[in-house]
Structures are given as structure tokens and as C-alpha cells.
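Please read the structure below before turning to the comments.
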């Protein structure tokens, strides 16, 4: 995948991912109001007293939060429609960091972290472009995102490999039982130890081998297709829809970087 | 040269899994932890904090004892739908509430001797969660109380359950 196509695909997918996140925030915005569960007057004591706390008091007021979320909508449409620029990237970066702080560091864990990686890559590309070489700038941004994405699979795989419960397949059954959609039915095929072990080893092997995706564009494509299935299964069993989109955003970067044939 | 650098990078990553270093903490590091992801998802089974709560109606007389309900779990369970891949706001909210319980358990573990847990933001947010959940189920409830229990599950179900903390009686009105 050429760098320019990857950059455009990244912008469109990131806009879609952030749009879905923003619509979810708007849907549940009542919990962030003064009467809601996550009331800022309670949460503000997380922040050391001072100028930053006073600034956040202004930004996290009920009305300001609502307008902030509404403002994200046209910005994201602009990102999808005409692409990024420095001002837009700075706004998205600041907006995302503010939302992270508002949710005490994360609303949806890893998906917030990977979204930050994608926005940071976008911002990096825009900053390097100030030097006058858009192609180099996008290469820098895409490589940053690609490396973080590959690292996420690699670390996630190896950390599982070091756990005996993952190696014998028990961990998968335990996590599926505790998932938000309820325990597995007693007759579920996923309760079969041999299938749980096979599934665990398949995903551990695939995650640990993530760096190999950089060896060849075809390997990267197969890797991304498996990743697509993997993230859909994670959504299906654990409800983590944001993970699906947050990682899909990084696929153009993986495909573009593998096509640069750095290693062969 | 570039190949060697990449190899070195992934070897260093592996080394971080083997050699443990000191954990740096702080309020801003907690709030901005997204900048330092460890990418460890669902990595270890073990004790998981679960929230249990009970409610009581208003006292008939000031001197009467509170009549408590049974303990009920406040644990997210949601219906599944394919279209939720695009919009899953309530499920994500339920998940962040479960994360909040995990943060409270972690905060309690690190609480200094003699410190009051009620000063913790996580405690105050969980208290609000408990009262709101109880009032949803029992609109007339006046008081609530919650427990954080550490639950160890096996492949066939519960293996062990220990109560980590029990809150004072919370006014839920």
C-alpha cells in the first residue's frame, strides 16, 4: 500500500473510530453531569489543587463537556472528508487527552491507548510536515503507529505465553465465563478443554509472531485479516467494540510499512 | 543495521516481561497512563474484585433496626447484538464501572495504615454507583451498604470468595 493511500485510509478510519466513540459519549453524557455517577465535583480531587485543576473545572463543566463533544462531530467529518491538518490534529489530541482525564485515565482501556497512538501518529505526521516533506512526514507517522500496533500484539501474546493458565487453555474459559455477556452455557463447545487450548495457542502464536508481518506485504495482509477476525471475536464475546475500531485504524500503517520492504 | 535495531527492540520488550522494575506511581501518571501502555490484556487469571450491595427501607421508628435485603451482586451483564459493533454505549459504561471497582480494590490495597478509605475518589464513586444501582432496583430504598469481594473463578465456576471491605451504611437519598 503506498504511503499516500495509507495516510488517507488512516484518516478515514480514525475519523470513523472517533465518531463512534463520540456518539457513545454523547449517549451516556448524563453520567458525567453533576447529578451523574461520574460527577466532576467528586472526581476533581484526583487532580492536585492549582491552575490545572481550575482549568479542568471550566472544561469539565456540564455545558462545556457537551459542547466539546458536539464540536468533535464536524471536526471528524472534516478529517474524513478532506484530510488532516495541524490544527485539526492538535484539537483531536487535546480532546482525546481531556476525555481520558475525565474518565480517570481511560474509558475503555486499551482502545483509548491505541486511539491515542493513532492520533499521536497523525500529529507527528503534521508536525514533521512543517519541515516541508509530506512523504517523509507520513512515513514517520505511519511507522510510529505501525510499531506501536505490532508491539501491542507482540506483548499481549508473550505475556500470555508466560502464564500456565493460558498455555493449558483454562484462562480462555475463565475469561469468557466472566465476560459481560454472561457465563458460557454449560454445553458450550468453548468449554471443551482441547478447543480452549487450541484456541489459546492459535492466538498466542499469532500474536507472538506479529513482527513477522513487517517482512512482506502479503504476510502483513494475512496478519491484518486474522487480526480483523480476532478483534471481532473480542467484540462478540467481551463487548469491546471500541477495540475493534481502534486497532483497525492501525492496519493501513502496518500494510504501508510492510510494503516499504525495509527488511528484504 | 535496521534489522538489528528492530530485533534489539523486540528483545528489550521481552526482557521487560522477565525482569521486573520498580513501579512508579503518581496522580498524573494514573490519569495519563494512556501514554505508557503495557499492552497486557486478559493476561492473568486470579482474584477479581466484585461488588455486592444490600439495601434497607426507611426506619419505621428512629430507634428501630434497619431491615436489610440479601446481598446482591452489582456485576455488569448485558444483552449482545451484532450492531453493537458500531454503538455499544451502555455496555462500555458497564465495563468502565467494573473497572472502577477494580481501581477501588487496588486503592484499598495501597492504602496507608490508618488512612480513611472514604477519602478515596474511587470509594466515593463506587458509593454513588451502589446507591444508583440500588435505587434502580428498589426505588424506595433509603440506605445502602456494599462489600468488595475478591472472587477466584475456575473453569467450572467459583473457587473462592473473600470479603475485602464492607462499607459503612450509606444514605441513598
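How many Cβ atoms of partner chains, on average, are near each residue of A:155-168 if near means within 10 Å of its Cβ? Numbers along the way, then the final one.
Values: counts 11, 6, 2, 9, 9, 5, 2, 5, 5, 1, 6, 4, 0, 1.
For this peptide, the per-residue mean of nearby foreign Cβ atoms is 5.
Given the convex hull over the Cα atoms of segment B:7-146, what projected area results after averaging over all orientations, in nm²?
That works out to 13.5 nm², a quarter of the Cα hull's surface.
Output the relative contact order of chain B, whole-number percent, from Cα pairs under 8 angstrom with separation of 6+ residues.
24 percent
Report the calculated FRET efficiency for residue A:86 and residue B:44 (r = Cβ-Cβ distance, R0 = 51 Å), to the nearest 0.05.
Efficiency at R0 = 51 Å is approximately 0.75.
With axes computed from alpha carbons, what is the tilt in degrees of helix B:2-18 against the longest principal axis of chain B, rounded to the nearest 10 within 0 to 90?
Roughly 40 degrees, rounded to the nearest 10.
Can you give the alpha-carbon Rg of segment B:5-79 over 2.2 N^0.38 Å, where N counts its residues?
2.03
Given the DSSP H assignment, sum -39500 (n - 2.57) over each helix run of at least 4 residues in chain A and divide by its residue total; what's the result at 222 nm in deg cm²/dmol, nearest 500?
Helices in chain A give a 222 nm mean residue ellipticity of -23500 deg cm²/dmol.
Segment A:34-53 to segment A:183-247: how many Å between their Cα centroids?
When both Cα centres are located, 38 Å separates them.
Is there a simple number for the mean count of other chain Cβ atoms within 10 Å of the Cβ of residues in A:22-30, and what is it?
Rounded to a whole number, the mean comes out at 3.
Given labels modelled 7 Å from the Cα in the Cβ direction, how far is it in nm from residue B:7 to residue B:164?
About 4.4 nm separates the two model spin labels.
What angle do you read, to the nearest 10 degrees and between 0 and 90, between the alpha-carbon axis of helix B:121-137 and the longest principal axis of chain B?
On a 0 to 90 degree scale, this one is about 50.
What 222 nm value per residue comes from the helices of chain B, counting each DSSP H run with n ≥ 4 as -39,500 (n - 2.57) and dividing by all residues, nearest 500 deg cm²/dmol? Could the numbers behind the result be given before it?
Numbers: 4 runs with 60 residues, N = 173.
So the calculated ellipticity at 222 nm is -11500 deg cm²/dmol.
Label points 7 Å out from Cα along the Cβ direction at residue B:60 and residue A:260: separation in nm?
Going by the 7 Å Cα→Cβ label model, 7.7 nm.
Evaluate peptide A:237-247: per residue, the Cβ atoms of other protein chains within 10 Å of its Cβ; return the mean as an integer.
4
Helix B:89-109 against the longest principal axis of chain B: what's the angle in degrees, Cα atoms only, rounded to the nearest 10?
90 degrees
Hey, how many Å between the Cα centroid of segment A:94-152 and the Cα centroid of segment B:71-119?
With segment A:94-152 and segment B:71-119 each reduced to a Cα centre, they are spaced 27 Å.
Go ahead and set up a Gaussian network model of chain A, Cα springs under 10 Å, then flag whichever of A:242, A:27, A:139 fluctuates most.
Maximum fluctuation in the GNM of chain A, among the listed residues, is at A:27.
Given springs between every Cα pair under 10 Å in a Gaussian network model of chain A, which of A:211, A:252, A:41 has the largest fluctuation?
Maximum fluctuation in the GNM of chain A, among the listed residues, is at A:41.
Work out the FRET efficiency for residue A:64 and residue B:87 from their Cβ-Cβ distance, taking R0 = 25 Å, and round it to the nearest 0.05. Write out the running numbers ahead of the final one.
On the way: r = 24 Å, r/R0 = 0.97.
It comes to 0.55.
Please identify, among A:120, A:188, A:149, the residue showing maximal mean-square fluctuation in a Gaussian network model of chain A using a 10 angstrom Cα cutoff.
Sorting by GNM fluctuation, first place goes to A:188.
None of the figures in this text is laboratory data; all of them are computed from the coordinates on show. Remember, predicted model here, so these are calculated numbers, not experimental data. Quick reminder, even Gly has a Cβ in these numbers, built from the backbone with ideal geometry, and neighbours come from all protein chains shown.
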